[in-house]
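Step one of this worksheet: look at the structure below.
Each value in this text was obtained by applying a stated rule to the coordinates, not by laboratory testing. Computed from a prediction, not measured in an experiment: that's the story for all the values here. A quick note on method: Cβ atoms are made from the backbone with ideal geometry, for glycine too, and the neighbour counts reach across all protein chains shown.
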């Protein structure tokens, strides 16, 4: 398998990429969610792409796929604290790596997770609004932060598979 080596200008260092990805994912997630919520009355339960993607508003008090659902504020607080520890771990990894693609991927994961965390803080639950389906079968509901988290994971995995072990220094 061919390894890809990337050389970036100093202004696009892994640290800058990580910080930019975090800010981009977080800001765009907040903007998209507020925009969607602003049209709640007219857009909820709309079909975006027939048989593939719908809008349906839901609040998730758990984590992915509603795992670890929390019905009270104590459980939500404990879950939020545990998730914050995980987010901090990913942020530390994003700023420690010297690999640009890994830094960008980890940054997107952190930015998306912070977007969901802000939902938890301000709304008590994560606002999900996109339903992915195959025909009439609904697979799962997600949001823009989840998209950034998934994209970040794909970039991180792509880096692990395709990039060289040591980045080239300028």
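Sequence gap at least 6, Cα distance under 8 Å: using those rules, report the relative contact order of segment 86-126 to the nearest whole percent.
Rounded, it is 33 percent for segment 86-126.
Ranking request for peptides 109-120, 94-105: highest mean number of other beta-carbon atoms within 10 Å first, then the rest in descending order.
Highest-to-lowest ranking by the protection proxy: 109-120, 94-105.
Whole percent per 10 Å bin, from 0 to the bin with the longest distance: what is P(r) over all C-alpha pairs of segment 13-162?
12, 37, 34, 16, 1
How much length is gained if the chain between residue 136 and residue 32 is pulled fully straight, taking 0.36 nm per residue apart and subtracting their Cα-Cα distance, in nm to one decimal?
34.9 nm
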